[in-house]
Amino acid sequence: MVDAFRNMLDELMGKERDVPLGKRQNKPLEFDDPAVCKYELVALCPNRLFRNTKSDLGSCGFTIHDDHLEWPNVKEQWDKLPQRDKDRHTYERDLIRYMEQLIRDMDAKIRKNKERAEAESRPKVLKVDDQRRVDEIKMRQAELVARAAQLGEEGDVDGALEVTKQAEAVGRQHDTLYKQLTEPERTMTVCDICGVFINSTDNDQRRLTPGELKAREDHLTGKQYLGWKKIRETYADIMKARDERMRGPAEAEPRRRSSSRDYREREREGGREREREREPERERVRERGSSRDYRGRDERDYRGSRDRDYHDRDRRDRHGGGRDYDRERERS
């Protein structure tokens, strides 16, 4: 008791509360101080959620939490750290392991409690005398059904209808008695969050008594339900954030590579498109060049032929006529 009171004073006023003012170190509290709760720095301290309940986890191994006077400064120091430095301190991993163990233990408790609830919520086995009463009513109903069928075959429609009504009434009597004798005294369910038993004489919430409704409301606002709900949600949020941090760079690199590939592909496609656009112009240039070459060849051929004719006439004139020239040309 004394130790608990001392720890409470340490949390509220610090360990130097009894040291004279002149001898106090007045050293500001750092986030990595051994007394600072590292779970609370990251998200929450599970041990502080279930005080004075059946889920009480005992005292936390750290003494300084969010109710300490210097906590805002300590928390600010932690929040300003780069994620790289936070990971190096392992506070988050420690909290994850702690919450994983707590959740595993609670889930095992929930499975065990559900087995017990199912066993206690099964219909009761009929006693010998009760079974005899139920069987007698069932036999009487069968006799009435047979009597109604016989009257119908004989043509007594009104009599058959009357007996059928009696058989139906006996059947309802049988069902009511059977339910009363076999129905469990209570129906038990188990909370999927905190493993607490929820007792009710009827699972239909619309038909719950005011007292049962009040009990369910108290359960949903109680320390155990809210505490375990917070642990599960906090664990899910931390794991999601870690997954996004780990997956982010790995996904960003493929996106950059994909963007680079897309850019190169667009450049190649643009180049091919420009080539296609230039092709008609090149074709026209080739056609113009071919036409000029063709005209040049024709002109050269024409000039060459004209020059040969001129030289031939000139030689014939020098040799005294066309026939002499032709004979000389043939001899040569």
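The values are calculated or read from the model by the stated rules, or taken from the named source; none is laboratory data. Please read these numbers as outputs of a predicted model, since none were measured by experiment. Virtual Cβ from ideal backbone geometry, glycine too; neighbours counted across all protein chains shown. Calculation scope for accessible area: heavy atoms of the full protein, side chains included, ligands and nucleic acids excluded. Shrake-Rupley method; radii C 1.70, N 1.55, O 1.52, S 1.80 Å.
So Met106 passes all but one of these: (1) in contact with a Leu (Cβ under 8 Å, 6 or more places away or on another chain); (2) closer than 30 Å to Cys191 by Cα; (3) open to solvent by less than 60 Å² (accessible area, probe 1.4 Å). Which condition number does it fail?
So the condition that Met106 fails would be (1).
Keeping to the range 130-145, report how many residues are without any contact (Cβ under 8 Å) to a residue 12 or more places away in the chain, among the charged types (D, E, K, R) and open to solvent by less than 100 Å² (accessible area, probe 1.4 Å). Break it down stepwise before answering.
At the first step, the residues of the range 130-145 found to be without any contact (Cβ under 8 Å) to a residue 12 or more places away in the chain are 131-132, 135-136, 139, 142-143.
After this cut, where a residue has to be among the charged types (D, E, K, R) as well, the list is 132, 135-136, 143.
With the extra rule that they be open to solvent by less than 100 Å² (accessible area, probe 1.4 Å), the set shrinks to 135.
Residues in the range 130-145 being without any contact (Cβ under 8 Å) to a residue 12 or more places away in the chain, among the charged types (D, E, K, R) and open to solvent by less than 100 Å² (accessible area, probe 1.4 Å): 1 in total.
Filter the range 61-88 for residues that are in contact (Cβ under 8 Å) with a residue 24 or more places away in the chain and open to solvent by 60 Å² or more (accessible area, probe 1.4 Å) and give the result.
Those that are in contact (Cβ under 8 Å) with a residue 24 or more places away in the chain and open to solvent by 60 Å² or more (accessible area, probe 1.4 Å): Asp66, Asp67, Leu69, Glu70, Asn73, Gln83.
Within the range 174-188, can you find the residues that are open to solvent by 50 Å² or more (accessible area, probe 1.4 Å) and in contact with a helix residue (DSSP H, G or I) (Cβ under 6 Å, 6 or more places away or on another chain)?
Here is the first cut: in the range 174-188, the ones open to solvent by 50 Å² or more (accessible area, probe 1.4 Å) are 175-176, 178-180, 183, 185-186.
If the condition is that a residue be open to solvent by 50 Å² or more (accessible area, probe 1.4 Å) and in contact with a helix residue (DSSP H, G or I) (Cβ under 6 Å, 6 or more places away or on another chain), then Tyr178 is the only one that fits.
Suppose we filter Arg147, Arg133, Arg116 for residues that are assigned to a helix (DSSP H, G or I) and in contact with a strand residue (DSSP E or B) (Cβ under 8 Å, 6 or more places away or on another chain); which single one remains? Step through it out loud before you land on a result.
Working: Arg147 fails: in contact with a strand residue (DSSP E or B) (Cβ under 8 Å, 6 or more places away or on another chain); Arg133 fails: in contact with a strand residue (DSSP E or B) (Cβ under 8 Å, 6 or more places away or on another chain).
Going through Arg147, Arg133, Arg116 in turn, just one is assigned to a helix (DSSP H, G or I) and in contact with a strand residue (DSSP E or B) (Cβ under 8 Å, 6 or more places away or on another chain): Arg116.
In the range 63-103, how many residues are part of a helix (DSSP H, G or I), of a type in the set (A, V, I, L, M) and touching a strand residue (DSSP E or B) at 6+ places or on another chain (Cβ under 8 Å)?
The qualifying residues number 1.
Here is a list of conditions, (1) open to solvent by less than 50 Å² (accessible area, probe 1.4 Å); (2) of a type in the set (D, E, K, R); (3) outside any helix (DSSP H, G or I), and Arg122 meets all of them except one; can you say which number that is?
In the conditions (1) open to solvent by less than 50 Å² (accessible area, probe 1.4 Å); (2) of a type in the set (D, E, K, R); (3) outside any helix (DSSP H, G or I), Arg122 misses (1) alone.
Take the range 160-187 and flag every residue that is assigned to a helix (DSSP H, G or I) and either hydrophobic (A, V, I, L, M, F, W, C) or at pLDDT below 90 (or both).
At the first step, the residues of the range 160-187 found to be assigned to a helix (DSSP H, G or I) are 160-182.
Scanning the range 160-187 gives Ala160, Leu161, Val163, Ala167, Ala169, Val170, Leu177, Tyr178, Lys179, Gln180, Leu181, Thr182.
What is the residue count in the range 146-173 for residues that are farther than 28 Å from Val125 by Cβ, β-branched (Val, Ile, Thr) and surrounded by 14 or more Cβ atoms within 10 Å (Cβ to Cβ)?
Residues in the range 146-173 being farther than 28 Å from Val125 by Cβ, β-branched (Val, Ile, Thr) and surrounded by 14 or more Cβ atoms within 10 Å (Cβ to Cβ): 2 in total.
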